[in-house]
Ligand code: NAD
C-alpha cells in the first residue's frame, strides 16, 4: 500500500512546537515579529503572503504586512527594507518573490540583514548552509527534510534525485541532502531543464523531489518501485472550477502513486510545511536576536 503523506498533520505538529516557543519568548517579554513585503500585483503572490500572515496570527507571531506599488521605484523597496532592518520589533523579513523586473532580485536579497533573513536566501546564509553551518534553512527544502524525518524515511546512503535547480528549492534541497548528519548523507543528483534522459535519472531515486514547476511532468514510468516521491510543484492549470483553475503538482499523482512507497499530494503535501518552517525560522530569529533560548527541534 502506498502511503499518502499528510503534510497538514506534520505541519501542525511543528506549529505546536513553534507556538510553545512563541509563549516562551513572550513570557520573557519578547514578541516575535515577522514583516512581509509584497511588491507585486500577482494573485498567487498575494495569496501566499496572506496565508503567511494568517499563520502568524494563528500562532501569536506579530505579522506585519507591507505593500509597495509594483510601479514604484526600486528605492522604495530598499528604503522599506532598511527601515525593517533597523526596527528591533521585527525579527524576520520576507520579501515575496518575484519582484518586478525593474528591481534587481539579487540586490533585494543582499539588502536584508542576514540575521533577519528568515527565507535563508541572503548569500551569507546560503554560504553557511553549503558550509554545513546553516543559520536559517530555506523553508521549502527544510520542510521536505521534516516530512522525511516525520515519516521515518532514512536519507543516509540513499539515492536522492532533485528535479529543479532553483535557488529557493532545488539547490538548497540538494545542499541539505549532501550534508553530514540527520536528513543528509544522501547520494544526490540534481536534474534540470538541460538534463539528458531525465527518466533514467529519476528511476534511480529512492527519494525523488520534484521541483520543476511543470504540471504533472513526473509520471509513474519515471518512478522506481517503492520510492518516496515528494512533489514540491504548485501549478495553476485551467479548470472548470469556480476560480477557473485548479492546483496540480509536478507529479502525475495517480500513476506515480501506483509505483511509489510514499508520496505527497498537492495540495496538502509540501505546501503546509513551507509555511510552518517560515514560522519556525521567525521564532529562531527572535530567539537569536533577543538571547532568549527556545526549544526547537
Ligand atoms: P523555478 O522555475 O525557479 O525553477 C524550476 C527548475 O526546474 C529550474 O531549475 C529548471 O531547470 C527545472 N526544470 C524546468 N523544466 C524542467 C524539465 N522539463 N525537466 C527538468 N527540469 C526542469 O521554480 P521553483 O521556484 O524552484 O519552483 C518549482 C515548483 O515548486 C513550482 O511549481 C513552484 O510553484 C513550486 N513551489 C512550491 C513551494 C511549496 O511550498 N510547495 C515553494 C516554492 C515553490
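Just so you know, all these numbers are worked out from the coordinates, no wet-lab data involved. Note that the structure is a prediction, hence the values are computed from the model and not measured. Here the Cβ positions follow ideal geometry from the backbone for every residue, glycine too, while neighbour counts run over all protein chains shown.
Figures for the structure shown
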{"quantity": "Among 15-21, 115-121, the order from most to least packed when residues are scored by Cβ within 10 Å on average", "calculated": "115-121, 15-21"}
{"quantity": "Rounded to 5, percent antiparallel among DSSP beta bridges of the stretch 1-106", "calculated": "0"}
{"quantity": "Degrees between helix 7-27 axis and first principal axis of the chain (Cα, 0 to 90, nearest 10)", "calculated": "20"}
{"quantity": "Relative contact order of the stretch 30-116, pairs being alpha-carbon contacts under 8 Å that are 6 or more residues apart, as %", "calculated": "40"}
{"quantity": "Length-normalised contact order of the chain in % [C-alpha pairs under 8 Å, at least 6 apart]", "calculated": "22"}
{"quantity": "Residue of 132, 164, 183 that the Gaussian network model of the chain assigns the largest fluctuation, springs spanning Cα pairs under 10 Å", "calculated": "132"}
{"quantity": "Fraction of antiparallel bridges per DSSP, the chain only, in percent to nearest 5", "calculated": "10"}
{"quantity": "For the stretch 10-82 versus the stretch 96-144, the gap between their alpha-carbon centres in whole angstrom", "calculated": "15"}
{"quantity": "Computed E for residue 28/residue 58 - FRET, C-beta separation, R0 22 angstrom, nearest 0.05", "calculated": "0.55"}
